[in-house]
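Engineer: Got a structure here, written out as structure tokens. Questions coming.
The values are calculated or read from the model by the stated rules, or taken from the named source; none is laboratory data. No experiment lies behind these values; they were computed from the predicted model shown. Note that each Cβ is placed from the backbone with ideal geometry, even for glycine, and that neighbours are counted across all protein chains shown.
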Amino acid sequence: MRLSSPLSPLGLFLAALAGGACAHASGDPGRAPHAIAAPAPPAWLDELARRYDGEYRALGLETRMFSPEQWWRVATPLLARDRGFTVAEAGRSAEGRPLRHVAWGEGATRVLLWSQMHGDESTASMALADLFRFLGEHPTHPLVERLRREATLHFLPVMNPDGAARFQRRNAQGIDINRDARALASPEARALKSLRDRVRPAFGFNLHDQRVGYRAGDSERGVAIALLAPPYDASGGVNPVRARAIEVAAVMRTALEPYIAGRIARWDDSFNPRAFGDLMTQWGTSTVLVESGGIEGDPQKQVLRKLNFLALAAALDAIASGSHAGTPQALYAGLPENGEVWPDLLIEGGVLAAPGVAEARVDLLVKFEHPLLGHGGEIADVGDLAGARARRVIDASGLFIVPIAGPGAAGAGASGSPPAPPPIGPGEPARFHLSRDPQGRDIVWTLAEDLDPAHRYPATVGERAGETLPPGF
Ligand SMILES: [Zn+2]
């Protein structure tokens, strides 16, 4: 069920007015056919972005894989009571790790933000630590004053700490917490539900990461951030609760547009009666799902973290001031949907030269456990893959694909025989040279499961259009 760009004549007029003054989106080939141009973001956002690295970024979270304990070591000093924070235990995880409820602010509009419900989706947790630093260390910033006066912010950060400890999606019971909003079988889901019932927030933010391979609509551009105002039932209708979420999502798009125009998408909006975003909306909380995807050249998602911080700041400001009201819903409805998921790496047209096997001309598809880092490579397919598309393509015509042995491979160091490379086939570790000779002596490029940062992709590979870091990063 799609939204059909519900837009009042006044909204259309305002959108046209604002769009005419904005250069960011004009002529962008990635826009959906009937999309309207995004208006300029709030004037203070640019200064927030400029000051971010020096004044707001929480130090000690420079890589995206961290333990929940490490996150709390960074966050706890930022959450002093004299900075306006309260921290209370909101439950325990399946393995007994504490779930903590952080609250800040004195205003009437209650907002609930929860992060890392999926343990390997850590981008927004880093951004929440930044938000804590911003709120606590800059009490006289006009935005902080406005938020304190008008809103009360409630947080359940890193709410799947057992999953986070293993950097895995599910909790220690094997439950996907975002499919547990109805059954409430996991203690983490129960903690979130009971916090929601106590706080009764008007607004909610459901903070996730999505697969790096998603394309924006039918374009070739990777999705940096996807947004969703989840439906409250299978009709896909828009009631006042969901309308407010759509407005807030539109505000977030406006804030992000100068940085990642054409790389913002809309998450699939079919109703899921087990998912928290959908049920939160049904329970009366205007909820926005934020899915951080990937930006090439940002392997630790530090750019995406900053974009999360900026988008949340803009959203919270709009909520506190009420300025989300009247934001054209078409700014949200006009976003391209999350499109195809592209695999990570395609080696096109090499000659496979594996020991003891006849040579063959093949294409090779590789997927990575950590796609932005190029770590944990595994063969996904081999053979005639003409027409396949991937985040990166290496033209291997004229080159041999020569499998190489891994550490501890059979035969290594034994009776002088060379170690045996793994077979080439789906599910096998991706270990091979691209070489000008079938013996693998004149090497052009090597993948040994993990991409060696000193051994970058060959020159035949270009960055996809629009995949570079946004301006100012
Ligand atoms: Zn998720």
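Engineer: Just wondering, is there one or more residues in the range 219-234 that are within 19 Å of Thr123 (Cα to Cα) and aromatic (Phe, Trp, Tyr)?
Structural biologist: Taking the range 219-234 as the starting set, the residues that turn out to be within 19 Å of Thr123 (Cα to Cα) are 222-228.
So of that shortlist, the ones also aromatic (Phe, Trp, Tyr) come out as none.
No.
Engineer: While we're here: Exactly one of these conditions fails for Ala448: (1) more than 32 Å from the chain's Cα centre (by Cα); (2) surrounded by 14 or more Cβ atoms within 10 Å (Cβ to Cβ). Give me its number.
Structural biologist: Unmet condition: (1).
Engineer: Now, a different point. Can you tell me which condition Arg221 does not meet? The list is (1) at pLDDT 95 or above; (2) among the basic types (Lys, Arg); (3) away from the ligand (no atom under 16 Å from the Cβ), and all the others hold.
Structural biologist: Answer for Arg221: the failing condition is (1).
Engineer: Looking at Ala390, is it touching a Gly at 6+ places or on another chain (Cβ under 9 Å), farther than 28 Å from Glu291 by Cβ and assigned to a loop (DSSP other than H, G, I, E, B)?
Structural biologist: No.
Engineer: In this structure, is Leu331 more than 18 Å from Leu45 (Cα to Cα) and not in a loop (DSSP other than H, G, I, E, B)? Working first, answer last.
Structural biologist: Values: more than 18 Å from Leu45 (Cα to Cα): yes; not in a loop (DSSP other than H, G, I, E, B): yes.
The answer is yes for Leu331.
Engineer: Could you say which residue among Ala124, Ala202 is in contact (Cβ under 8 Å) with a residue 12 or more places away in the chain, within 18 Å of Val288 (Cβ to Cβ) and within 16 Å of the ligand (Cβ to nearest atom)?
Structural biologist: Details: Ala202 fails: within 16 Å of the ligand (Cβ to nearest atom).
The unique qualifying residue is Ala124.
Engineer: I'm trying to understand the selection: among the residues of the range 232-255, which are in contact (Cβ under 8 Å) with a residue 60 or more places away in the chain and part of a helix (DSSP H, G or I)?
Structural biologist: Let us first name the residues in the range 232-255 that are in contact (Cβ under 8 Å) with a residue 60 or more places away in the chain, namely 234-236, 238, 243-244, 246-255.
Once the filter is applied, which keeps residues that are in contact (Cβ under 8 Å) with a residue 60 or more places away in the chain and part of a helix (DSSP H, G or I), the range 232-255 yields Ala243, Arg244, Ile246, Glu247, Val248, Ala249, Ala250, Val251, Met252, Arg253, Thr254, Ala255.
Residues are listed down the side, and each one gets a yes or a no for (1) over 22 Å from Arg196 (Cβ atoms); (2) basic (Lys, Arg):
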residue: Arg57; (1), (2): yes, yes
residue: Pro68; (1), (2): no, no
residue: Val74; (1), (2): yes, no
residue: Arg92; (1), (2): no, yes
residue: Trp104; (1), (2): no, no
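Engineer: To continue, here is another question. Considering each of Leu365, Leu335, Leu331 in turn, give the residue that is farther than 30 Å from Leu153 by Cβ and either touching a Lys or Arg at 6+ places or on another chain (Cβ under 6 Å) or surrounded by fewer than 24 Cβ atoms within 10 Å (Cβ to Cβ) (or both). Full working, then the answer.
Structural biologist: On the way: Leu335 fails: farther than 30 Å from Leu153 by Cβ; Leu331 fails: farther than 30 Å from Leu153 by Cβ.
Being farther than 30 Å from Leu153 by Cβ and either touching a Lys or Arg at 6+ places or on another chain (Cβ under 6 Å) or surrounded by fewer than 24 Cβ atoms within 10 Å (Cβ to Cβ) (or both) holds for just one of Leu365, Leu335, Leu331, which is Leu365.
Engineer: A follow-up question, please. What are the residues in the range 296-322 that are at negative phi and modelled with pLDDT under 95, if any?
Structural biologist: Quick first cut of the range 296-322, residues at negative phi only: 296, 298-300, 302-321.
Residues satisfying the conditions are Glu296, Asp298, Pro299.
Engineer: Go through the residues of the range 128-150 one by one and say whether even a single one is under 18 Å from the mean Cα position of the chain (by Cα) and farther than 25 Å from Pro299 by Cβ.
Structural biologist: Filtering the range 128-150 down to residues under 18 Å from the mean Cα position of the chain (by Cα) leaves 128-131.
When the remaining residues are screened for being farther than 25 Å from Pro299 by Cβ, the result is none.
No.
Engineer: Please verify whether Ala414 is over 17 Å from Asp344 (Cα atoms) and either at pLDDT below 90 or surrounded by fewer than 19 Cβ atoms within 10 Å (Cβ to Cβ) (or both), treating the condition exactly as stated.
Structural biologist: Answer is yes for this residue.
Condition check ((1) closer than 18 Å to Arg200 by Cβ; (2) buried (at least 21 other Cβ atoms within 10 Å of the Cβ); (3) away from the ligand (no atom under 16 Å from the Cβ)) across all residues:
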site: Gly236; (1), (2), (3): no, no, yes
site: Val241; (1), (2), (3): yes, no, yes
site: Ser286; (1), (2), (3): yes, yes, yes
site: Leu289; (1), (2), (3): no, yes, no
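Engineer: Checking Arg92 against (1) at positive phi; (2) over 23 Å from the mean Cα position of the chain (by Cα), which test does it fail?
Structural biologist: With respect to (1) at positive phi; (2) over 23 Å from the mean Cα position of the chain (by Cα), Arg92 is out only on (1).
Engineer: Mind checking which residues of the range 100-121 are buried (at least 24 other Cβ atoms within 10 Å of the Cβ) and more than 16 Å from the ligand (Cβ to nearest atom)?
Structural biologist: Result: Val111, Leu112.
Engineer: Answer with yes or no whether Leu228 is within 16 Å of the chain's Cα centre (by Cα) and surrounded by 23 or more Cβ atoms within 10 Å (Cβ to Cβ).
Structural biologist: Taking the combined requirement at face value, the residue satisfies it.
Engineer: Within the range 165-182, is even one residue polar (S, T, N, Q), more than 21 Å from Gly294 (Cα to Cα) and more than 16 Å from the ligand (Cβ to nearest atom)?
Structural biologist: The answer is yes, given that some residue of the range 165-182 is polar (S, T, N, Q), more than 21 Å from Gly294 (Cα to Cα) and more than 16 Å from the ligand (Cβ to nearest atom).
Engineer: Taking only the range 49-90 into account, find how many residues are among the charged types (D, E, K, R), closer than 11 Å to Asp130 by Cα and either in the same structural domain as His375 (by TED's automatic domain parsing) or in a helix (DSSP H, G or I) (or both).
Structural biologist: 2
Engineer: Return the only residue of Ala354, Ala311 being out of contact with any Ser or Thr (no Cβ under 8 Å at 6 or more places or on another chain) and either crowded, with 23+ Cβ neighbours inside 10 Å or in a helix (DSSP H, G or I) (or both).
Structural biologist: Details: Ala354 fails: either crowded, with 23+ Cβ neighbours inside 10 Å or in a helix (DSSP H, G or I) (or both).
The match here is Ala311.
Engineer: Do we have Arg436 as surrounded by fewer than 17 Cβ atoms within 10 Å (Cβ to Cβ), modelled with pLDDT of 95 or more, touching a Leu at 6+ places or on another chain (Cβ under 8 Å) and not acidic (Asp, Glu) here? Quick ask: steps written out before the conclusion?
Structural biologist: On the way: surrounded by fewer than 17 Cβ atoms within 10 Å (Cβ to Cβ): yes; modelled with pLDDT of 95 or more: yes; touching a Leu at 6+ places or on another chain (Cβ under 8 Å): yes; not acidic (Asp, Glu): yes.
Yes: the conditions hold for Arg436.
Engineer: Among Phe400, Phe368, which is the only one that is within 26 Å of the chain's Cα centre (by Cα) and aromatic (Phe, Trp, Tyr)? Lay out the reasoning, then the answer.
Structural biologist: Numbers: Phe400 fails: within 26 Å of the chain's Cα centre (by Cα).
Of Phe400, Phe368, the one residue that is within 26 Å of the chain's Cα centre (by Cα) and aromatic (Phe, Trp, Tyr) is Phe368.
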